[in-house]
Amino acid sequence: MFVRIAGFLAVALSCLGVQSEEIEGIPFEDPFFVDPVTELKPRDPRDEEQTFRVEAAARYAYGRVLEQRDQDADALRQYERAWRYDPSAFGILQKIVPLAFSLKRTEEAARYAVMAVERDPTDANLLLRLAYQLSENGDYARAVSLYAMAQRLETEETDQDASFVLSRMQMGKLYFLLGQHEKARKPFETVQQALADPDKFQLNQSLQNVVIGEPSQAYALIAENELQCGRYASAEELFAQSNAAKKNSPVLAFHLARIAEKQEKTAAALKHLNTYLEAKVDDAGKDPYTLLAKLMAQQYADPEQASAALRERLAELYQEDAANYVLGYFYAQQLWDAEQADLAETVFHDMLQLRPTVEGYQALIEIYQQQKDYPQLLKTLGMAVSQAGSLDALGEPVEKLLADKAIVKKLIALARKQVADGQTLDQGVALATALAALHLKDFAAADPMIELAIAAGKPSPAGVMASWGLELMSADEYDRSAAVFRRAIDEGVQPQNNAAFHYYMSGALEMAGRTDEALKSARMAAAEEPTSSSFHARVAWISYHAGRYAEARQSYKQLLARFDKDYDSAEVRKVMRDARMALSNIEVHLDNMPAAEEWLEQVLDEYPEQLGAYNDLGYLWADQGKNLHRALKMAEQAAASEPDNMAYQDTLGWAYYRLGRAADAVSELTKAAADEDADGVIHDHLGDALLANSEPKKAVDAWRQAIKKFDPQKDQKRIQATRQKIKQQS
């Protein structure tokens, strides 16, 4: 019996690349224990899922061996792979979580723990801990579902203590954030009880502060939820309790105004709102003024009368409280909307002196552009760029401005004239002019302006050079961008550390096709920041982008060797994940499909729900015509999560094609090919699917489109193969 078991285990482990001499205590090499092997031919060959289950069992067995040897990290990978191959084997999942935690891979353990408790929600404490972590990560829907699972496990014996209240507080908040206000009511009832009788829930003052927080804020949150549910009397009572916990009668008056407005009691709402407005506070932001506009619209049937009455009231308030920037900006916007540009300009200008905002700059840019006041427009652009660092941050008004070449040329001419007249341009104006000139690719105008911005010295010229270099990169001016970063390094504008400039420069050089220089610069950046995985990854990326795949493979493997044991940093883990994804693509280029699959498998070991790797592995399997049913499931899951993702549509369509479902393939691939960024491969796939669907003329059209989309330098083999398909149909 021992011989038979040993033989079976040896065969299973050999499938995983484990040599017999590696297994301690089992002398497989001893002829005494080796039976002659007879090939067995199964009567019913295994189907795809049975094959995966056998693979899962073998990997699980290998993981047990590795764990017994204290090779826990390797064992963990085998368990993770085994579970993914056979998700029905819940016991494997239960092995993964404690082992990952013991290795201090907290995030990885938590991912598997969430999946474990979703499949077997029996540990209430674990559910609560994971729900809290998910809510901290912003995954509200999944978090609240775990809280609900934990709640269902409660019995009459469950302690109604601080933990109990905390879970209800978190549930209520999450339902509130998800807009599920009716569902939030029940957990919030428990919070109200705890606020009213903290001793009942064993809450001393310090615990109450941790579990519930500031009582006034807790009451206000619950009141807001009641208001959203249309329970106005309850909301009013709770807002009053919030005010009792921390006096703020103007804010209470505002909330009472909101409640009255919901009940269509306009006069009462205005009375309460005036109490807030006359208090000259800004605690509630601009919402009170928005409410005022709404009430005016209800009071006056004529929209113009309502608008005029609103401006009149705002003018009174502004005259009495000109330092209230929230009021000022709202009033200025109403003036601008009413086409009272001169008065709007004055108020916006005063507000920008008081509290600069992007919205304020945007408004003045529109006003000065409309008024054709180019000196003020140039000055405002300079102020805005000094605050934001770029023109892009100013959004749509600046996009419209830059689209008008005539105005841009006038601004450039104005700045030049000011310099010629002996005026000193501040750094913001000079930089804004340079950026506007760059938009027109007028380097003769841009270069001297950027020199003036650098010479101004305040703020630091390092920031100006970084902004300029990055803007040049965005404009596809890679050589010019690299020259700016080189100059910043040579002039020592950042004397302590030039790693960032080397990093930026390496990217610009590579995009300019200067790979050897790019690699040199990237290595210098990495040398100056030896603990930065991102800086080291740039070296590998450059080789990858340049198509030096063997070199890139070596660099990425060196990156993994250096940083892959660091599980404390989320940023490092992201870089390691991206490195494995890149390695998979590299192996595809090198026609090494087993290695390409393995790198994706490793990504999924750590990130079992990573859609990109899930999709890519499904595509590789479908493209090779193997594991087609599982490839289809993977593609369907990815596409369902992101229905507009072109790459996921392509994988799904290709899996359908490989399974002989031509009509489904055409449907999905047509959607993928409709994307303007669809590459030649997608159009080529569509052509194949159309031919299989008995549409040869459309197939030829798709193949011709594919040839147009292929890269003539990198895709010659594909181009020739596609041309041959067209020839065969001709």
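The values are calculated or read from the model by the stated rules, or taken from the named source; none is laboratory data. If you're wondering where the values come from, they're calculated on a predicted model, not measured in any experiment. We place every Cβ from the backbone using ideal geometry, glycine too, and count neighbours over all the protein chains shown. Side chains are part of the model used for accessible areas, which takes the heavy atoms of the whole protein and leaves out ligands, DNA and RNA. Shrake-Rupley method; radii C 1.70, N 1.55, O 1.52, S 1.80 Å.
Assuming G179 fulfils every condition listed in (1) in a helix (DSSP H, G or I); (2) open to solvent by less than 60 Å² (accessible area, probe 1.4 Å) apart from one, which condition is it?
Evaluating G179 over (1) in a helix (DSSP H, G or I); (2) open to solvent by less than 60 Å² (accessible area, probe 1.4 Å) leaves (1) as the failure.
Taking the residues in the stretch 282-297 that are open to solvent by less than 40 Å² (accessible area, probe 1.4 Å) and under 15 Å from N248 (Cβ atoms) as candidates, determine which candidate is farthest from the chain's Cα centre (by Cα). Quick ask: steps written out before the conclusion?
From the stretch 282-297, those open to solvent by less than 40 Å² (accessible area, probe 1.4 Å) are 284-285, 288-289, 291-293, 295-296; that's our starting set.
Keeping just the survivors that are under 15 Å from N248 (Cβ atoms) gives 284-285, 288.
Working: A284: 30, G285: 28, P288: 33 Å.
If we take residues in the stretch 282-297 being open to solvent by less than 40 Å² (accessible area, probe 1.4 Å) and under 15 Å from N248 (Cβ atoms), then P288 is farthest from the chain's Cα centre (by Cα).
So that you can scan it fast, the table gives a plain yes or no per residue for (1) without any contact (Cβ under 8 Å) to a residue 60 or more places away in the chain; (2) under 24 Å from G469 (Cα atoms); (3) hydrophobic (A, V, I, L, M, F, W, C):
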residue: I365; (1), (2), (3): yes, no, yes
residue: Q370; (1), (2), (3): yes, no, no
residue: Y374; (1), (2), (3): yes, no, no
residue: L377; (1), (2), (3): yes, no, yes
residue: V408; (1), (2), (3): yes, yes, yes
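Within the stretch 586-600, take every residue that is touching a residue at least 40 places away in the same chain (Cβ under 8 Å) and under 19 Å from N615 (Cβ atoms) and give me the one that is least open to solvent (accessible area, probe 1.4 Å).
Top of the filtered list is I586.
Being out of contact with any strand residue (DSSP E or B) (no Cβ under 7 Å at 6 or more places or on another chain), among the small types (G, A, S) and part of a helix (DSSP H, G or I) is true for just one of A323, A309, A279. Which residue is that? Please lay out each step first, then the result.
Numbers: A323 fails: part of a helix (DSSP H, G or I); A279 fails: part of a helix (DSSP H, G or I).
Exactly one of A323, A309, A279 is out of contact with any strand residue (DSSP E or B) (no Cβ under 7 Å at 6 or more places or on another chain), among the small types (G, A, S) and part of a helix (DSSP H, G or I), namely A309.
Quick test for you: out of A525, A430, A445, pick the one residue that is crowded, with 19+ Cβ neighbours inside 10 Å, in the same structural domain as A413 (by the TED database) and in contact with a Lys or Arg (Cβ under 8 Å, 6 or more places away or on another chain).
Exactly one residue qualifies, and that residue is A445.
Of the conditions (1) open to solvent by less than 70 Å² (accessible area, probe 1.4 Å); (2) over 24 Å from the mean Cα position of the chain (by Cα); (3) at pLDDT 95 or above, R562 clears all except one; give me its number.
Looking at each condition in turn, R562 falls short on (1).
Conditions tested, residue by residue: (1) closer than 27 Å to R562 by Cβ; (2) part of a loop (DSSP other than H, G, I, E, B); (3) in contact with a Leu (Cβ under 7 Å, 6 or more places away or on another chain); (4) among the small types (G, A, S).
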| site | (1), (2), (3), (4) |
| --- | --- |
| A444 | no, no, no, yes |
| M449 | no, no, no, no |
| M465 | no, no, no, no |
| M473 | no, no, no, no |
| V493 | no, yes, no, no |
| S506 | yes, no, no, yes |
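Need pairs with beta-carbon distance below 7 Å; first residue under 12 Å from E477 (Cβ atoms) and free of Cβ contacts under 8 Å to residues at least 24 places away in the same chain and within the stretch 431-448, second part of a helix (DSSP H, G or I) and of a type in the set (A, V, I, L, M, F, W, C); sequence gap 6+ or separate chains.
Once the first residue is under 12 Å from E477 (Cβ atoms) and free of Cβ contacts under 8 Å to residues at least 24 places away in the same chain and sits in the stretch 431-448, its partners that are part of a helix (DSSP H, G or I) and of a type in the set (A, V, I, L, M, F, W, C) give A446/A434; A446/A437; A446/L438.
Tell me which of these D644 doesn't satisfy, since it passes every other one: (1) under 22 Å from the mean Cα position of the chain (by Cα); (2) in contact (Cβ under 8 Å) with a residue 12 or more places away in the chain.
Here D644 meets the rest and fails (2).
In the stretch 237-262, how many are within 16 Å of N225 (Cα to Cα) and either among the polar types (S, T, N, Q) or outside any helix (DSSP H, G or I) (or both)?
Result for the stretch 237-262: 2.
What is the residue count in the stretch 686-701 for residues that are open to solvent by 10 Å² or more (accessible area, probe 1.4 Å) and either of a type in the set (D, E) or in a helix (DSSP H, G or I) (or both)?
11
So which of L377, L414, L364 is modelled with pLDDT of 90 or more, surrounded by fewer than 19 Cβ atoms within 10 Å (Cβ to Cβ) and either in contact with a Cys (Cβ under 8 Å, 6 or more places away or on another chain) or assigned to a helix (DSSP H, G or I) (or both)?
L414
Any residue that is in a loop (DSSP other than H, G, I, E, B), aliphatic (A, V, I, L, M) and at pLDDT 95 or above - is there at least one of those in the stretch 643-666? Outline the logic, then answer.
Our first condition is that a residue be in a loop (DSSP other than H, G, I, E, B); within the stretch 643-666, this holds for 643-645, 659-661.
Okay, now just the ones that are also aliphatic (A, V, I, L, M), so 659.
Among the residues that remain, those that are also at pLDDT 95 or above are: 659.
The answer is yes, given that some residue of the stretch 643-666 is in a loop (DSSP other than H, G, I, E, B), aliphatic (A, V, I, L, M) and at pLDDT 95 or above.
Scanning the stretch 492-512 for residues that are free of Cβ contacts under 8 Å to residues at least 24 places away in the same chain and open to solvent by 60 Å² or more (accessible area, probe 1.4 Å), which turns out nearest to the chain's Cα centre (by Cα)?
Q496
Among the residues of the stretch 528-545, what is the count of those that are open to solvent by 40 Å² or more (accessible area, probe 1.4 Å) and either in contact (Cβ under 8 Å) with a residue 60 or more places away in the chain or in a loop (DSSP other than H, G, I, E, B) (or both)?
Final tally of qualifying residues: 3.
What number goes with the only condition from (1) crowded, with 18+ Cβ neighbours inside 10 Å; (2) under 27 Å from R548 (Cβ atoms) that Q624 does not pass?
Every listed condition holds for Q624 apart from (1).
Only one residue in A338, A308 is open to solvent by 40 Å² or more (accessible area, probe 1.4 Å), without any contact (Cβ under 8 Å) to a residue 60 or more places away in the chain, under 30 Å from D373 (Cβ atoms) and more than 38 Å from the chain's Cα centre (by Cα). Which one? So that I can check it myself, show each step before the final result.
Values: A338 fails: open to solvent by 40 Å² or more (accessible area, probe 1.4 Å).
Every option except A308 fails the conditions.
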